[in-house]
Structure formats: C-alpha cells, structure tokens
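> Here it is: the structure, laid out below.
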Amino acid sequence: MTLIIMIAILLAIAIGYKTKINIGLFAIVFAYLIGSFGLDLTASQVVNFWPIKIFFIIFAVTLFYNVAMVNGALEKLASHLLYACRNFPIFLPLAIFASATVIAALGAGFYTVLAFMAPMTLLLCQKTGMSKIIGGMAVNYGALAGANFMTSQSGVIFRGIMEGVGVESAQAFTNSTVIFVTTLIVPIVVIGSYLLFNHKKLNINITAEKPAPFDPKQKQSLILIITLMVVVLIIPILNLIMPHNHLIAFLNSKVDIGFMAIIFAVISLLLKLADEKKVVAMVPWGTLIMICGVGMLIEVAIQAGVINELSDWVSTTIPFWVIPVAMCVIGAFMSLFASTLGVVTPALFPIVPAIAVATGYNPTVLFVCIVVGAQASAISPFSSGGSLILGSTPQGVNQSQLFNDLLFRAVPLGFIAALLAAVIVQGVL
C-alpha cells in the first residue's frame with residue numbers, strides 16, 4: 001500500500017505536468033480509488049479528507065486582499081517602491097526584491113505578485129541593462145519571502161498544514177515566523193553577495209516616471225490591510241510574551257485570520273472599494289484545488305500508515321546529523337518539478353512531528369529546512385515560479401537562453417544558499 005500511494009502521488013504530479021491539468025484533480029481521483037477500494041473506506045470518509053480549514057482560510061484571505069489587487073492599490077505601491085530607487089540604480093535588484101516582498105506580505109501572495117511583477121521586471125531588465133538572472137531571482141524570491149509572512153497566503157497555508165498534523169496554534173505561529181525570517185534573510189544575502197562581487201560589471205540605468213498618487217479607494221484598502229495585519233499579529237505576539245494573561249489567552253483563542261479576513265472583505269465591499277465579481281473571480285481556485293486535492297491524497301496516506309513508515313525510514317536510515325540537510329535536499333528536488341504549496345509542504349510537513357519525536361530534533365528546524373530547500377529551486381522553469389517568469393518573457397528576449405539560465409545558474413545558486421541556511425538554522429535552533 002505504501003508503494004501504491006507513493007506511485008499515486010508521483011503519477012498525479014507527472015500526469016498533471018504532462019497534460020497541464022490541475023494536479024489536485026488527479027490527486028482526488030487517486031484518493032477515492034485507493035481510499036475506497038484499497039483501504040475499504042466509505043466515499044463519505046474520503047470526502048471528509050478535504051482540508052476544509054485550509055480551504056476556508058485561503059479563500060477568505062485571498063478574497064480580502066483581492067480588493068486591493070482589483071483597485072490597483074498593491075500594483076501602485078510596487079511602482080512607488082521602484083521609483084524610490086531611481087537615483088540608486090545599482091540597488092535596483094534589491095528594490096525589486098523589496099517591492100515583491102512587501103506586496104506579497106500585504107497579502108497578494110506568491111502567484112499574484114509574480115504574475116504582475118515578472119513581466120515588469122523583465123522589461124526593466126531590457127530597459128536598464130540589468131541581468132535577467134538577478135532580476136528573475138529578485139522578483140521570485142521576494143514574492144516567496146513576502147508570501148511566507150504569517151498573515152499572507154503561504155504563511156497561512158504553512159500554519160494550517162502544521163495545525164492539521166497536530167502542532168499547537170501558538171507553536172505553528174512561531175514556526176511560520178522563523179520560516180518567514182529565514183526565507184527573507186537568505187535571498188538578501190544571495191542578491192547582496194551578487195551585487196558586491198559583480199558591481200563593476202553592472203551597468204544599470206533607470207529612467208522612471210513618478211507614479212500617480214493613491215486615490216481614496218486605494219488609500220482605504222491599504223489602511224484596512226495594515227489594520228488586519230495588526231489585529232491578527234499583535235494578539236499572538238502578546239500571547240507569546242504574556243502566556244499567563246487570561247484575557248490575551250482568551251482573545252488569542254477566538255481571533256481567527258480566516259473570519260477576520262471575511263469581516264474586512266465585507267467592510268471593503270460595503271465601502272465599494274472594488275467590484276465584487278472581479279474580487280471573487282480572482283480567488284486562486286486552481287491553487288485551492290491543487291492544495292486540497294493533494295491534501296486528500298496525503299490524508300489517505302496517513303490512514304494507510306505511509307507517513308509513519310516514511311518518518312521511520314528517515315529516522316533510521318539517514319545519519320542523525322544529516323537529517324535537516326536531507327529534508328532540505330528532498331524539498332529542493334521535489335520543488336524542481338512541483339509546487340511548494342500544492343505538493344512539497346503537504347507531502348513533507350506531516351512526517352515532521354514523527355521524525356522530531358524519533359530523533360529529538362526541534363520540529364521548527366525541520367519545517368524551516370523543508371521550505372528553504374523547496375523555495376531554493378522554485379525558480380526552476382519546470383516549477384511554478386520559473387514557469388511564470390519564463391511565460392512573462394517580452395519580445396526580444398531569448399527564451400531558450402533564459403530557460404538555461406534559470407535551470408543551470410539560478411537554481412544551483414539558490415540551492416547552495418539553501419544548504420548553508422539549513423546548516424546555520426540547525427546550529428542556531
């Protein structure tokens with residue numbers, strides 16, 4: 001059964017990639033066939049494996065942040081951040097990274113930010129003479145780091161998966177905070193090192209027009225975003241600082257980012273800050289299907305005992321001191337061809353608690369190593385980040401050359417940085 005389920009997961013990824021059909025749909029099919037006919041579960045039991053909490057949170061958060069996407073607030077914010085760098089062209093890659101990070105952290109999420117900033121970044125590379133490799137890495141890793149923020153799309157998904165495998169809410173928040181900080185620092189070091197050692201070869205020229213000021217609706221959207229972030233962040237932080245305060249503990253148990261996002265989305269729509277139909281249409285339904293479909297198949301694997309077998313194999317086969325680095329390498333290899341959010345973390349996060357118990361490792365270290373490794377190779381042209389960048393190639397850019405640069409230059413550079421980060425995190429935590 002373990003072999004069958006592992007083959008099913010690989011087949012879902014391979015067929016989805018080959019046919020360009022959502023991987024989650026194939027995962028749902030395999031979850032039903034294996035669950036009902038292999039494990040003798042009822043159809044209703046398999047349906048209950050749909051991760052409703054993760055679905056609700058992603059839906060609610062993206063629904064709210066889509067308001068700022070539709071009315072142009074987040075895109076204009078990116079333009080203002082880039083314009084601020086016009087007098088310091090050598091720092092343009094860091095400005096792109098900062099812009100993508102801030103916009104993604106404000107809730108736009110990885111795919112959305114990359115979708116509207118990748119074309120702009122490659123055009124900037126054409127106009128300014130900036131290397132497309134450093135431009136692609138800046139926008140990709142910025143979008144990844146920002147999306148990992150505790151209240152943004154990836155951060156919320158990570159917390160949801162952790163809580164789904166038994167991690168307490170407060171600890172899941174702490175884990176996601178460490179993931180965000182680590183994935184923020186690593187790209188800054190990589191991009192900063194590139195600029196430091198190649199600054200004499202850079203010949204970047206910026207000619208940017210001043211963006212128009214924010215209109216009233218855009219200002220209101222940004223105010224609501226900041227307010228939501230404060231509300232959902234301050235209470236968990238206060239709970240960590242004052243764990244014995246009953247009022248804060250009570251509020252921490254009641255404040256939920258999903259419901260808070262729905263409340264703020266309703267407020268935004270009542271204020272008519274954006275068209276409701278466009279806001280709903282921009283919910284990442286494909287990502288939701290992929291994450292939840294794979295989640296169903298992973299839950300079938302848990303029911304069959306596959307996760308325990310896999311964690312036992314890692315704990316007993318891989319040398320103790322190599323385990324965090326091994327999780328990083330496994331995450332990186334999987335992410336070469338699959339989504340971090342849709343495949344890698346739903347598949348690897350569930351085995352972390354068992355490995356931590358068997359080896360004594362801090363689970364936070366293992367969670368961080370998985371994400372750092374997975375996101376190191378997310379710029380692969382076979383993965384979501386690299387394919388979006390490749391698909392954003394403007395006329396006049398050699399797509400074949402960019403393909404090779406992403407796969408053979410950007411991925412190895414990110415992978416080396418991820419390995420170093422895994423070793424450092426292992427030593428610090």
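> When the label point is put 7 Å from the Cα of GLN401 along its Cα-to-beta-carbon vector, which residues of region 112-143 have a backbone N closer than 14 Å?
Correct set: 125-127, 129-134.
> How do ASP312, ASP256 stack up against each other in accessible area, from largest to smallest, with a 1.4 angstrom probe?
The residues order as ASP312, ASP256, largest area first.
> Just the number, please: carbon plus sulfur as a percent of the accessible area of region 282-370, 1.4 Å probe, no ligands or DNA/RNA counted.
Taking all protein chains in place, region 282-370 shows 71 percent carbon and sulfur surface.
> I would also like to ask the following. Anything over 28 Å Cα to Cα? Flag those among LYS254/LYS278; LYS76/LYS272; LYS76/LYS277; LYS20/LYS278, in the order listed.
LYS254/LYS278
> Something else about it: Considering the chain, which cysteines have no disulfide-compatible partner, defined as another cysteine with its Cβ under 4.7 Å away?
CYS85, CYS125, CYS292
> Per residue, what accessible area does region 330-410 have, given a 1.4 Å probe and all protein chains present, in Å²?
That works out to 31 Å² per residue.
> Suppose a student asked you for the relative contact order of the chain, using Cα pairs under 8 Å spaced at least 6 residues apart; what percent would you report?
Worked out over the chain, it gives 22 percent.
> Based only on Cα atoms, what Rg/Rh ratio does the chain have, Rh being taken as Kirkwood's radius?
Result for the chain is an Rg/Rh of 0.96.
> Then there's this: Please list VAL47, VAL67, VAL186 from largest to smallest accessible area, probe radius 1.4 Å, with all protein chains kept in place.
Per-residue accessible area, sorted high to low, gives VAL47, VAL186, VAL67.
> Accessible area per residue of region 46-183 at 1.4 Å probe, in Å²?
Per residue, region 46-183 has 29 Å² of solvent-accessible surface.
> Longest span of the chain, sites excluded, free of GluC sites (Glu not before Pro) in DSSP loop with at most 11 other C-beta atoms within 10 Å?
Between exposed loop sites, the widest span is 210-429.
> Can you sort LEU270, LEU233 by solvent-accessible area, 1.4 Å probe, largest first?
Sorted by accessible area, descending: LEU270, LEU233.
> Here's another thing I want to ask about it. Projecting each Cα onto the charge dipole of the chain (Lys/Arg +1, Asp/Glu -1 at the beta carbon, about the Cα centre), which of LEU77, HIS244, LEU429 comes out farthest on the positive side?
LEU77
> Got a sec to turn the phi values of region 374-380 into Karplus ³J(HN,Hα) couplings, 6.51 cos²θ - 1.76 cosθ + 1.60 with θ = phi - 60°, whole Hz, x for Gly and Pro?
Taking θ as phi minus 60°, the curve returns 4, 7, 5, 9, 5, 7, 4 Hz for region 374-380.
> Nearest 20 debye, what's the magnitude of the dipole of the chain about its Cα centre given +1 on Lys and Arg Cβ and -1 on Asp and Glu Cβ?
1240
> A further question follows. Once Lys and Arg get +1 and Asp and Glu get -1 on their Cβ, which of PHE59, VAL102, MET334 lies farthest toward the positive end of the dipole of the chain?
In the chain, that residue is VAL102.
> Which residue fluctuates most in the GNM of the chain (Cα springs below 10 Å): ALA332, ALA84, ALA376?
Among ALA332, ALA84, ALA376, the largest mean-square fluctuation in the Gaussian network model of the chain belongs to ALA84.
> Also: Tell me, what is the FRET efficiency for MET1 and ILE263 to the nearest 0.05, using R0 = 56 angstrom and their Cβ-Cβ distance as r?
0.80
> Given Cβ point charges of +1 (Lys, Arg) and -1 (Asp, Glu) and nothing else, what value in debye, to the nearest 20, does the dipole of region 219-347 about its Cα centre take?
560
> Beyond 24 Å, what percent of the Cα pairs of region 69-192 remain?
For region 69-192, the fraction of Cα-Cα distances above 24 Å is 28 percent.
> Ok, one more. Of ALA374, MET1, ALA138, whose Cα points farthest to the positive end of the dipole of the chain (charges on the beta-carbon: +1 Lys, Arg; -1 Asp, Glu; origin at the Cα centre)?
So the residue we want is ALA138.
> Counting only protein heavy atoms and using a 1.4 Å probe, what share of the accessible area of region 17-160 belongs to carbon plus sulfur, as a whole percent?
Carbon with sulfur: 68 percent of the solvent-accessible area.
> Which residue, GLY286, GLY331, GLY385, tops the fluctuation ranking in a GNM of the chain built on C-alpha contacts under 10 Å?
GLY286
> Further, regarding this structure: Which lysines have a Cα lying under 20 Å from the Cα of LYS132, excluding residues fewer than 8 positions away in the same chain?
Those lysines meeting the cut-off are LYS200, LYS201.
> Moving on to the next point. Could you report the accessible area of ASP275 in Å², rounded to 10, computed with a 1.4 Å probe on the protein chains as they sit in the structure?
Accessible surface of ASP275 is approximately 80 Å².
> Leaving out ligands, DNA and RNA but keeping every protein chain, what accessible area does LEU348 have, in Å² rounded to the nearest 10, with a 1.4 Å probe?
10
> Okay, moving on. Would you mind finding the longest exposed-site-free stretch of the chain, with exposed trypsin sites (Lys or Arg not before Pro) meaning DSSP loop and at most 15 other Cβ atoms within 10 Å?
Segment 273-429 is the longest.
> Right, next: Pick from THR317, THR393, THR183: which residue has the top mean-square fluctuation in a GNM of the chain where Cα pairs under 10 Å get a spring?
Most flexible of the set in this elastic network: THR317.
> Can you give the accessible area of VAL190, probe radius 1.4 Å, in Å² rounded to 10?
20
The values are calculated or read from the model by the stated rules, or taken from the named source; none is laboratory data. Keep in mind that this is a model prediction, so the values were computed, not measured. Counting neighbours? That spans all protein chains shown, and the Cβs are built from the backbone with ideal geometry, glycine included. These area figures cover heavy atoms from the full protein model, side chains too; ligands, DNA and RNA do not enter into them. Shrake-Rupley method; radii C 1.70, N 1.55, O 1.52, S 1.80 Å.
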